[in-house]
Amino acid sequence: MIIGQNKNEMVLFVMMLLVARAICKMFEHGRSYLPCDQDFSVIEKRKVVTKTYLPSDISKVIEEVRHDRPFKTIDIDKTDFRNVQVLSKKYFNTTNMQISKCVQIRVTRDTLQKGQVQTKNTHNAMEQWADMTVFKKGFTFDLLKKMDLPELASTHQICKEKLNDLRNMIKYLPIGARAYYEELCKVNHDD
């Protein structure tokens, strides 16, 4: 896992929501290898030699890269995104945990029932797990289980310069790909 992308409060919140027994190991930069790295490598090699203009083109590359066990892709839209940040800030406090120094984070049903997660600061198997309280006062495991996640409001617009670049690029795209980008420009129209 890439530390900057995966070791943060929101990922921890999602892990807690899943209430799964999980160990999230944060590998040192340049020293990690996960089984999925091979899958990503095969996809990346195919993408380099395939012209992709639309999200559906990327899905097609992923689905067709492996013939013996094809990958499946799922189309998503903006209603599939949830605002975990607002709930994370409202109900959890990771300050004492020093999340940036954690090397492993473990979330189990047992620890969550006490409002805690467990952490390690090294990969040493001899290091004991440290219990860290992350629930704010008054928040409970039962509330976490029943929590509804609000949809993520889309407030991000493409900046004016990028929107102009996008409009100028459309004429160079294959005809079949133009409608997607024209619609994207309409949705982000703020003139």
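Residue 149: touching a residue at least 40 places away in the same chain (Cβ under 8 Å), in contact with a strand residue (DSSP E or B) (Cβ under 7 Å, 6 or more places away or on another chain) and in a loop (DSSP other than H, G, I, E, B), yes or no? Against the criterion (touching a residue at least 40 places away in the same chain (Cβ under 8 Å), in contact with a strand residue (DSSP E or B) (Cβ under 7 Å, 6 or more places away or on another chain) and in a loop (DSSP other than H, G, I, E, B)), residue 149 qualifies. Being of a type in the set (D, E, K, R), within 30 Å of residue 53 (Cβ to Cβ) and at pLDDT below 95 holds for only one residue in 145, 160, and it is 160. Note on the stretch 72-130: residues that are in a loop (DSSP other than H, G, I, E, B) and among the charged types (D, E, K, R) total 5.
Let me confirm something: among 78, 51, 72, 45, which residue is touching a residue at least 40 places away in the same chain (Cβ under 8 Å), exposed (fewer than 14 other Cβ atoms within 10 Å of the Cβ) and under 27 Å from residue 174 (Cα atoms)? So that I can check it myself, show each step before the final result.
Working: 51 fails: touching a residue at least 40 places away in the same chain (Cβ under 8 Å); 72 fails: touching a residue at least 40 places away in the same chain (Cβ under 8 Å); 45 fails: touching a residue at least 40 places away in the same chain (Cβ under 8 Å).
Just one listed residue meets the conditions, 78.
Just a yes or no: is a residue in the stretch 91-98 in contact (Cβ under 8 Å) with a residue 12 or more places away in the chain, crowded, with 18+ Cβ neighbours inside 10 Å, within 19 Å of the chain's Cα centre (by Cα) and under 19 Å from residue 146 (Cβ atoms)? Checked the stretch 91-98: at least one residue is in contact (Cβ under 8 Å) with a residue 12 or more places away in the chain, crowded, with 18+ Cβ neighbours inside 10 Å, within 19 Å of the chain's Cα centre (by Cα) and under 19 Å from residue 146 (Cβ atoms).
The values are calculated or read from the model by the stated rules, or taken from the named source; none is laboratory data. Everything numeric in this text was worked out from a predicted model, so none of it was measured. Positions of Cβ are generated from backbone atoms using ideal geometry, with glycine treated the same way; all protein chains shown enter the neighbour counts.
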